[in-house]
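Notes to accompany the following structure.
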Amino acid sequence: MTNVKATPLLNQPRVQRVLYPVLIGVVLVALWQWMVVAMELPPYLVPSPYLMMQTLVTDWAPLGNALLVTLKITVLSFLLATVAGVLISFLFVQSKRIETALFPYAVLLQVTPIVAVAPLIIIWVKNPVAAMTVCAALVALFPIISNTTLGLRSIDPDLQSYFKLNRATRWQQLMRLRIPSALPYFFGGLRISSGLALIGAVVAEFVAGTGGSGAGLAYQILQAGFQLNIPRMFAALLLISLTGVALFVLMAWLTKLALGSWHASELSQD
């Protein structure tokens, strides 16, 4: 009977994917702390990681509420961008002429700075949350459109010929051929779009300048800057960064859940 040796814990790919980034992060944070202490940098210039974490704990009430507001706008804009992007991609794939005529306008949305159009959207849409959601959705929209459209068109020609040979309808081709082929591209677009939705939400909050109980993390950053409360500013930036990482991890988990049992990109262990 052949004895199969178990792979050591540290050599397992899943452990390495977590361990290596954490080790690098610990080294960078320790170096940051050492430089601040060694150079005696004042907190209003560069706060130490310890002071930043201490501020995060002591000021959690306003920062936590602001995080919920930013997260709400991010999730709503991400859902809006996903639904709109998928519907537009379904429209594009129906006809090459439709895609040729409309795709440049999707590119136009991508290259137009959101800070240039956000004031107009905030004026047109009276509800601040709805206005910021639309602004953030515009930022997150293009990766969904481009990736999903590419996936819907990247089908095996032999399979397409087989479907046509069996007189499959457009609906049957879409549901049984194009959508399964497009899923890896679609989830790749989700990973990009989730981060862009967060960026768009923060930018929209900066432009809107809302305060009070409806203020997000962008307002906390602005307020901390005006008050020279740099530790709180860094704490708010840390929350934004951690939220972005959490969104990416969530999208990666959804990708693994949807593709892990059949697609080569998730089955590979390298």
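Explain nothing, just the number: dipole magnitude of the chain about its Cα centre with +1 on each Lys and Arg Cβ and -1 on each Asp and Glu Cβ, in debye rounded to the nearest 20.
Numbers: 16 positive and 8 negative charges, 195 e Å.
Roughly 940 debye for the chain.
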Find, to one decimal place in angstroms, the Kirkwood hydrodynamic radius of the range 78-128, where the mean of 1/r is taken over every pair of different Cα atoms and then inverted.
12.7 Å
Output wanted: per-residue J couplings in Hz (rounded whole) for the range 147-158, from phi through Karplus 6.51 cos²θ - 1.76 cosθ + 1.60, θ = phi - 60°, x for Gly and Pro.
5, 5, 4, 4, x, 5, 8, 8, 10, 5, x, 5
Need one number: nm distance between label points at residue 83 and residue 228, each 7 Å from Cα along Cα→Cβ, rounded to one decimal.
4.8 nm
How far is it, in nm, from the label point at residue 153 to the one at residue 15 when both lie 7 Å from their Cα along the line to the Cβ?
4.6 nm
State the percentage of accessible surface on the range 38-148 attributable to carbon and sulfur atoms; use a 1.4 Å probe and exclude ligands, DNA and RNA.
76 percent
Using eta = 1.002 mPa s and T = 20 °C, Stokes-Einstein with Kirkwood Rh from Cα pairs puts D for the range 64-104, in µm² s⁻¹, at 180 µm²/s
Square roots of five times the C-alpha gyration tensor eigenvalues of the range 128-205, ordered largest first and given in whole Å, equal 35, 12, 7
Per the C-alpha gyration tensor (a ≥ b ≥ c, the square roots of its eigenvalues), the range 92-222 is rounded if a/c is under 1.5, else prolate if a/b beats b/c, else oblate; here it's prolate
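When only the heavy atoms of the protein chains count and the probe is 1.4 Å, how do 68, 41 rank by accessible area, highest first?
Values: 68 115, 41 50 Å².
The ranking, largest first, comes out as 68, 41.
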Any idea of residue 178's accessible area? Nearest 10 Å², probe 1.4 Å.
30 Å²
In percent, how large is the relative contact order of the range 150-199, given Cα pairs closer than 8 Å and 6 or more residues apart?
53 percent
Quick one: angle between helix 60-94 and the longest Cα principal axis of the chain, in degrees between 0 and 90, rounded to 10, please.
20 degrees
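Viscosity 1.306 mPa s, temperature 10 °C: Stokes-Einstein D of the range 1-153 from its Kirkwood Cα radius, in µm² per second? Spell out each step's value before the answer.
On the way: Rh = 20.4 Å.
Reported coefficient: 78 µm²/s.
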The range 74-96 scanned against label point 7 Å out from residue 171 along Cα→C-beta; backbone N under 19 Å for 87-88, 90-95
Figure the gain on full extension for residue 107 and residue 249 (residue separation times 0.36 nm, minus the Cα-Cα span) and round it to one decimal in nm.
48.4 nm
Treating the angle as unsigned and between 0 and 90°, give the value, to the nearest 10°, between the Cα long axis of helix 230-259 and the longest Cα principal axis of the chain.
20 degrees
So what is the relative contact order of the chain, in percent, for Cα pairs below 8 Å that sit 6 or more residues apart?
25 percent
What's the FRET efficiency of residue 120 with residue 72 using the Cβ-Cβ distance as r and R₀ = 25 Å, to the nearest 0.05?
0.65
When the charge dipole of the range 149-234 is computed with +1 at the Cβ of Lys and Arg and -1 at the Cβ of Asp and Glu, the Cα pointing farthest to the positive end, of 200, 154, 226, is that of 154
Residue 27 and residue 241 label points (each 7 Å along its Cα→Cβ direction) are spaced in nm at 1.7 nm
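If you count only protein heavy atoms with a 1.4 Å probe, what accessible area per residue comes out for the chain, rounded to a whole Å²? Write down the numbers at each step before the final one.
On the way: 16230 Å² over 270 residues.
For the chain, the per-residue accessible area is 60 Å².
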Degrees between helix 13-39 axis and first principal axis of the chain (Cα, 0 to 90, nearest 10):
30 degrees
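The values are calculated or read from the model by the stated rules, or taken from the named source; none is laboratory data. Please read all numbers here as calculations on a predicted model, not as lab measurements. Positions of Cβ are backbone-derived with ideal geometry, glycine not excepted, and every protein chain shown enters the neighbour counts. All accessible areas refer to the heavy atoms of the entire protein, side chains included, with ligands and DNA or RNA removed. Shrake-Rupley method; radii C 1.70, N 1.55, O 1.52, S 1.80 Å.
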